[in-house]
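What follows is one structure encoded as structure tokens, with my remarks underneath.
The values are calculated or read from the model by the stated rules, or taken from the named source; none is laboratory data. Small disclaimer: the values here were computed from a predicted structure and weren't measured. Here Cβ is always computed from backbone atoms with ideal geometry, including for glycine, and neighbour counts include all displayed protein chains. These accessible areas exclude ligands, DNA and RNA; they are computed on the full protein's heavy atoms, side chains included. Shrake-Rupley method; radii C 1.70, N 1.55, O 1.52, S 1.80 Å.
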Amino acid sequence: MARRKKIYEGKAKILYEGPEPGTIVQYFKDDATAFNAEKKDVIDGKGVLNNRLSEFFMTGLTQIGVPNHFIRRLNMREQLVRNCEIVPLEVIVRNYSAGSMSKRLGIAEGTQLPRPIVEYCYKDDALGDPLVTEEHIAAFGWASQQDMDDILSLALRVNDFMSGVMLAVGIRLVDFKIEIGRVYEGDFQRLIVADEISPDSCRLWDIETGQKLDKDVFRRDLGSLTDAYSEVARRLGVLPKSNVTKPTLIN
Ligand code: TMP
């Protein structure tokens, strides 16, 4: 096979030029990082699980009319997605306090919030993705007011969808992060959900036991990350039972 042009390599994924104009191949690595890559490891099978899980969530979003970048899965580690210009924001939606919000505001982890709270971080690894307000976003031109209205609406629709899907399998969606892409269609531009939605970018707690089934297992050394992600995949019916503990490289 001809070598593909690598466009970008991030901490958990590699992007290659896609086979058709306007497409990108998104390759999911097994690399796990936390605390802005201060903590690193290679977790056998993580990329396979996240490729499948992101496919599952993005396909579900398409079914309910939430525009996103996913086109189709290509193989165990790769999916074809729409090329888009990533808005330089991490859009976080929180239903329960945890992580940086709990630290910042002194709220116990697991406290239910009065309503979903949306936060924005400026995507800049060198700065550690600092929290910003809509004032910064507008003043520095990272997104327009119209974009912000669309981003808020996308984020809340993803939250409704993801909360429901998770609740149905006994998992609480504590919070998550999405990224937004800009696509151009003739004279118009549209915002779509991009990047990935996976246990790398969500907090997922078992409703009964509170067990963490997301990347906090790695961040906080709580056990096997693939066991946690496999459990999410198993409950959602994403991976056949025989594939649960160690995904094989069969398409
Ligand atoms: P935080 O509580 O650390 O700010 O994280 C909020 C959510 O965002 C949580 O679901 C994990 C996710 N997240 C990412 O996807 N990437 C990141 O770099 C960070 C810090 C958090």
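Can you pick out the pairs among LYS5/LYS215; LYS29/LYS103; LYS11/LYS215; LYS6/LYS123; LYS40/LYS103 whose Cα atoms lie more than 19 Å from each other? The pairs that break the limit, which is 19 Å between Cα atoms, are LYS5/LYS215; LYS29/LYS103; LYS6/LYS123; LYS40/LYS103. Amide H contacts of ASN68 (H built 1.01 Å from N, in plane; Pro and chain starts excluded): VAL193 sit under 5 Å, all sequence-distant by 5 or more or on other chains. With the whole protein complex present, TRP205 retains an accessible surface near 30 Å², based on a 1.4 Å probe.
Placing unit charges on each Cβ (+1 for Lys and Arg, -1 for Asp and Glu) gives the chain a dipole about its Cα centre, and among PRO19, SER201, GLN146 the Cα reaching farthest toward its positive end belongs to PRO19.
Ligands, DNA and RNA are left out, and with a 1.4 angstrom probe the accessible area of the chain is 50 Å² per residue.
Label-to-label distance, PHE35 versus GLN211, with points set 7 angstrom from Cα along the beta-carbon direction: 2.6 nm. Using R0 = 22 Å, the C-beta based FRET efficiency linking ALA108 and LEU131 works out to 0.65. Other residues within the sphere of radius under 12 Å centred on the Cβ of SER153, judged by their own Cβ, net out at -3 (K and R +1, D and E -1). Taken about its Cα centre, the stretch 131-192 carries a charge dipole of about 320 debye when Lys and Arg each add +1 at the Cβ and Asp and Glu each add -1 at the Cβ.
If I take R0 = 30 Å and measure r between the Cβ atoms of VAL42 and VAL169 in this structure, what FRET efficiency does the formula 1/(1 + (r/R0)^6) give, to the nearest 0.05? Working from the Cβ atoms, E equals 0.60. Indicate the gyration tensor shape class of the chain (rounded, prolate or oblate), computed on the Cα atoms with a ≥ b ≥ c the square roots of the eigenvalues: a/c under 1.5 is rounded; otherwise a/b larger than b/c is prolate and the rest oblate. It comes out rounded by the Cα gyration axes. Amide H contacts for LYS13 (H built 1.01 Å from N in the peptide plane; partners 5 or more residues away or on another chain; cut-off under 5 Å): LYS29.
Anisotropy class assigned to the stretch 46-127 is prolate, per the alpha carbon gyration tensor with a/c at or over the 1.5 cut-off and a/b larger than b/c.
The H on the amide N of ILE180, modeled in the peptide plane, is under 5 Å from the matching H of VAL87, LEU89, ALA194, each at least 5 residues off or on a different chain. Inter-part distance, the stretch 40-103 to the stretch 156-178, computed on C-alpha centroids, equals 13 Å. Taking Cα centre as origin and charging only the Cβ of basic (Lys, Arg, +1) and acidic (Asp, Glu, -1) residues, the dipole magnitude of the chain rounds to 820 debye. Each Lys or Arg adds one and each Asp or Glu subtracts one; over the other residues with Cβ under 14 Å from the Cβ of SER100, this totals +2. Measure off, as a whole percent, the carbon and sulfur share of the 1.4 Å-probe accessible area of the stretch 30-185, all protein chains present. Exposed carbon and sulfur together represent 52 percent of the surface. Span-like helix check, the chain: qualifying full DSSP H segments, with Cα axial length of 20 Å or more and mean Kyte-Doolittle of 0.0 or more, are 145-167.
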